[in-house]
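Here the structure comes first, spelled out in structure tokens, and everything after it is commentary.
The values are calculated or read from the model by the stated rules, or taken from the named source; none is laboratory data. Everything numeric in this text was worked out from a predicted model, so none of it was measured. Cβ coordinates were reconstructed from backbone atoms using ideal geometry, including for glycine residues, and neighbour counts include every protein chain displayed.
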Amino acid sequence: MKYRPTNRGRQLDFVKVLRRVQVILTRFIDDSEQSPLFGIGIREQRIQLATLQGRLVARVIDANDEIAGFFNVAQPALPHLRRSKGSIVAITTAATRRFPVRDGLSAAGKGAVEQLCWGLAAEEGRFGIRVNCVGPGMTTAGMAQDLTASGDLAEVDFAAATANIPLKRFGDAADIAEAVCFLASTRAGYISGQHLAVDGGYGV
């Protein structure tokens, strides 16, 4: 899979997850060749939907390669996955289950990716293909670092975010990678069309 980042911070976060996935998949080496992994993110303004300008929404849609990127990874893999009865795991967001205020521009594209996942799970299940999503919540790297550096998130915002997480901490790359590897492995052989939130209980 080729990964073309749209944001340096998100690239670093996703690379950490991929490295951790590679380590964990040594436990399931037969599965690692049968499960495409997709994850991408864009750094966008955190803004109330009511105040969005139409031209900004249009620019985000034009620049957002999440939807086309996922499709262009998943569809060409289908013939191989049909033969191997493999699976697809997409890294999306916990925001499609519990919406964080001012996160609409980021969550919308990932919601569309999830809809494509549900479609593929429904249509390709007859060939033995499983399709699932992992929805990360707040993590200690990637977007959180960018938002802090830009001033979009202050210490008080982090305190508020932590207060909304039952486990009272942010996740890290290993937390996301463990979930991805489980869904990609044969241990999840009867799981398809699901969204596994890795968010410390934020969606409760």
Sole miss for D65 among (1) at pLDDT 90 or above; (2) over 22 Å from F170 (Cβ atoms) is condition (1)
V204 fails exactly one of (1) buried (at least 16 other Cβ atoms within 10 Å of the Cβ); (2) more than 17 Å from I129 (Cα to Cα); (3) β-branched (V, I, T), namely (1)
